[in-house]
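Student: Structure provided below as structure tokens; questions to follow.
Here, each number is a calculation from the coordinates, and none is a lab measurement. This one's a predicted model, so the numbers in the text were calculated from it and none came from an experiment. For neighbour counting, all protein chains shown are included, and Cβ atoms are generated from backbone atoms with ideal geometry for every residue, glycine included.
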Amino acid sequence: MSGTRPIKAFESQFQALRNLLDLARDVADYRSNDANFRVGFQLVSSIGVVGNAGKARVPEERVPFAATLPVGYCEAKWVCERMLDETLSKYPQRFRTMVVRPGQIAGSRTSGFWNPIEHFAFLVKSAQTLRAWPDFDGVLQWVPVNDAASVMVDLCCVAVLHNAPEPYPVYHIDNPIGQLWKEMNPVLADALDIPADRILSFKDWVNLVRRSPLPAETDNPAARLIDFLDDNFERMSCGGLILDTAKAKKHSETMAKMGPVEADVARRYIAAWKKMGYLHT
């Protein structure tokens, strides 16, 4: 681990998980006379836990620490996975446990709301300010938050229903179909009123962000992510790292039926950011 930084920075997260593990234990103790009762426990982790897995398609399995991105948040999620492994998961007769690692959770299919305090929102804000869109290549695998929530509910049913199949230790939530960035790029650029001749190569766009004198805290927030853009964005967001979803598709009807994000939904994301004032109208 990167020194003691993750432990100190995320001590409250570890304590919160410890409290939930203790609660699950207490519930199991309270129902100890019911041989058919098991406590369900779903831990939401992160794609960052497998960010350095060294495989283009990462299976739904436990991973060593070396597979985790060297970022405090990701390292903390790995620690949380291990906490679950070393506690409740050791007692399958009393607990149904699972880890769920989401990929890129996108905004709502219906309202278009997407949290603006995320790396992709930062890219969109800078693109509008600089009037230039990065010409991403490869595939994107967004999962609208509505779909992600439905998958989690499906998997929770596996965790708690008496007649449900045994849960797998790890599931991934990622779009199993994916879609070409080359088809999404012009949709997003058009929604931002960026002309076609201002769709630049990703490298040129990152250099434009880097050289811009505009403040990173307001107009050019992608500048705050330069290291991530240089080192990991294309690999993790353009098909270089794909979360396998075979187990999730087996136990979630929502996952099994998931398809690409439609152009109208993508435009809804831009419209929602404009409506909330994050983007200029």
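Student: Starting from the Cα of Thr218, step 7 Å along the direction of its Cβ; do the same at Asn146; then give the gap between the two resulting points in nm.
Tutor: 3.6
Student: Around Ile242, which amide H atoms from residues at least 5 apart in sequence, or from another chain, sit under 5 Å from its own amide H, with H modelled in the peptide plane?
Tutor: Arg57, Val58
Student: Expressed in nm to one decimal, what extension gain is obtained for the pair Tyr73 and Glu183 from 0.36 nm per residue of sequence separation less their Cα-Cα distance?
Tutor: 36.4 nm
Student: Once fully extended, how much extra length lies between Tyr91 and Asn33, figured as 0.36 nm per residue of separation less the alpha-carbon to alpha-carbon distance?
Tutor: 19.3 nm
Student: Let me ask something else. Quick one: net charge of Pro102's neighbours, Cβ under 13 Å, K/R +1, D/E -1?
Tutor: Within the 13 Å Cβ shell, the charges total -2.
Student: With 26 Å as the limit, write out which pairs from Lys182/Lys274; Lys203/Lys275; Lys55/Lys249; Lys203/Lys249; Lys125/Lys247 have Cα-Cα distances beyond it, or answer none.
Tutor: Lys203/Lys275; Lys203/Lys249; Lys125/Lys247
Student: Let me ask something else. Give me the base-10 log of I(q)/I(0) for region 200-244 at each q in 0.28, 0.32, 0.33 Å⁻¹, Debye formula, one uniform scatterer per Cα, rounded to two decimals.
Tutor: For the requested q values the scattering log ratios are -1.00, -1.14, -1.16.
Student: Using the Cβ atoms and a cut-off under 12 Å, what net charge is assigned to the surroundings of Lys249, where Lys and Arg are +1 and Asp and Glu are -1?
Tutor: Taking every Cβ under 12 Å from that of Lys249, the sum is -2.
Student: How far is helix 119-130 tilted off the main Cα axis of the chain, in degrees rounded to 10, range 0 to 90?
Tutor: 10
Student: What's the magnitude of the charge dipole for region 1-102 around its Cα centre, counting Lys and Arg as +1 and Asp and Glu as -1 at the beta-carbon? Answer in Debye, nearest 20.
Tutor: For this selection, approximately 200 debye.
Student: Now a separate question. With 10 Å bins from zero, work out the P(r) of the chain over every alpha carbon pair and list the percent per bin.
Tutor: 6, 25, 32, 23, 10, 3, 0
Student: Let me ask you something else. So what are the ³J(HN,Hα) numbers for region 230-236, from phi and the Karplus equation (6.51, -1.76, 1.60; θ = phi - 60°), rounded to whole Hz, Gly and Pro as x?
Tutor: Per residue, the Karplus-derived 3J(HN,Hα) values read 5, 9, 10, 4, 4, 5, 8 Hz.
Student: What's the longest uninterrupted piece of the chain once you rule out the GluC sites (Glu not before Pro) that are loop residues per DSSP with at most 12 other Cβ within 10 Å?
Tutor: Answer from the scan: 87-216.
Student: Rounded to the nearest 20 debye, what is the charge dipole size of the chain about its Cα centre when +1 sits on each Lys and Arg Cβ and -1 on each Asp and Glu Cβ?
Tutor: Value, rounded to 20: 260 debye.
Student: Putting +1 on Lys and Arg Cβ atoms and -1 on Asp and Glu Cβ atoms, find which of Phe14, Tyr91, Gly48 reaches farthest to the positive end of the dipole of region 1-102.
Tutor: Gly48
Student: Grab the beta carbon distance between Phe202 and Ala56, set R0 = 25 Å, and tell me the FRET efficiency rounded to 0.05.
Tutor: After rounding to 0.05, the efficiency reads 0.85.
Student: Let me ask something additional. Go ahead and run the numbers for FRET between Asp22 and Thr281, Cβ-Cβ distance against an R0 of 45 Å, rounding to 0.05.
Tutor: 0.35
Student: Counting pairwise Cα distances across region 1-126, what percent come out greater than 16 angstrom?
Tutor: Result: 69 percent of Cα pairs exceed 16 Å.
Student: If you line up the long axis of helix 263-275 against the longest principal axis of the chain, both from Cα atoms, how many degrees apart are they, to the nearest 10?
Tutor: Helix 263-275 sits roughly 80 degrees off the main axis of the chain.
Student: For the chain, take the longest principal axis of its alpha carbons; what is the angle in degrees between that and the long axis of helix 11-30, to the nearest 10 within 0 to 90?
Tutor: The angle comes out near 30 degrees.
Student: Around Arg198, under 12 Å between beta carbons, what's the net of Lys plus Arg minus Asp minus Glu among the other residues?
Tutor: -4
Student: Kirkwood Rh and Cα-based Rg: tell me the resulting Rg over Rh for region 61-134, rounded to two decimals.
Tutor: We get a ratio of 1.15 for region 61-134.
Student: What FRET efficiency comes out for Ala164 versus Asp264 if R0 is 35 angstrom and r is the Cβ-Cβ distance? Round to the nearest 0.05.
Tutor: About 0.50, to the nearest 0.05.
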